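Have a look at the structure below, then the notes.
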Amino acid sequence: MSDTSLLEREEVECAYCKDSKPASETTWFMAEPGEKSVRLCDFCYEEVRKQLRLLRIVRNRGDYPLEASS
């Protein structure tokens, strides 16, 4: 077995941006309990997490977001 075949196995695809990244640079993400978990790269994970937090605030309070989450 060659070293390159071992390295290829560690590459996973981000479910959002579809880029292949090393498994160590990705995170499992489940938006809601009971939903299917997906692998996201670190950048996409942070962006999705911000958007999800904003949507939960709007849904739970019934407010309209006035500014983008930071």
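Observations on the model:
- Test set (1) within 23 Å of GLU10 (Cα to Cα); (2) at pLDDT below 75 - SER70 fails condition number: (1)
- Extreme residue, modelled with the lowest pLDDT, among residues of the stretch 8-24 that are loosely packed, with under 12 Cβ neighbours inside 10 Å and either under 9 Å from the mean Cα position of the chain (by Cα) or in a helix (DSSP H, G or I) (or both): GLU8
- Selection status of CYS41, surrounded by 14 or more Cβ atoms within 10 Å (Cβ to Cβ) and either of a type outside the set (A, V, I, L, M) or at pLDDT 80 or above (or both): yes
The values are calculated or read from the model by the stated rules, or taken from the named source; none is laboratory data. All figures in this text were calculated on a predicted structure; none of them were measured in a lab. A quick note on method: Cβ atoms are made from the backbone with ideal geometry, for glycine too, and the neighbour counts reach across all protein chains shown.
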